[in-house]
Every structure is written in structure tokens, then in C-alpha cells.
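A quick write-up on the structure given underneath.
What follows is calculated from the coordinates using simple rules that are stated; it is not laboratory data. Quick caveat, the model's predicted, so the values are computed rather than measured. Here the Cβ is made from the backbone with ideal geometry for all residues, glycine too, and neighbour counts use every protein chain on show.
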Amino acid sequence: MTFAAGDVVILKSGGQPMTVITVDEDQAECIWAGDEGNLFRETIPTVALEEVEFEIDDEDAENGDEEDEDEEEDNIRAEKELSPV
């Protein structure tokens, strides 16, 4: 399997999701945040990795749109309050 920068991967043996930073012939440089928020960076053989697939529920997508609209309304309100009259 080939990976690209930005892919989210996990070790085939388990562990935390990691983000691919660079890919060479048979290695991927990955970063991830530890349980306490520390950032880790390691070069891992690609044979030991598999891509993480995300599923988006229709309900989650709808809620995300509503949150974006609420944020946009808040930004417009804030701009009006800060604008000189």
C-alpha cells in the first residue's frame, strides 16, 4: 500500500492514530500526540502500517453544518459590535 503526506495511519499491531509527514520507498515518517499531549515523531516501515478509514454519519455532518452557521453568525455579530458608527 502506498501512503501520502497527510494520511492517517495506525500500526497493524494497534496503537494511536498517526499522521504521515513524508514517505520514502519503504518508510513513512509519522507524528502523533501522546496521552499527555507530547508530540512524537518516528520513521516506521510502511509494511507495519495501515490507513485509518473514517466514517461520517449523516447526523454528524448535519450537526457540523449547524455549528459552522452558528460560528459565522457570531462572527458577524462581533464585527457589527466592533465597527465604528
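Some notes on this structure:
- Each of the peptides 8-20, 35-47 was scored by the mean count of other Cβ atoms within 10 Å over its residues; in descending order, highest first, they stand as 8-20, 35-47.
- Local electrostatic count at residue 46 - Lys and Arg +1, Asp and Glu -1, tallied over other residues with Cβ under 9 Å: -3
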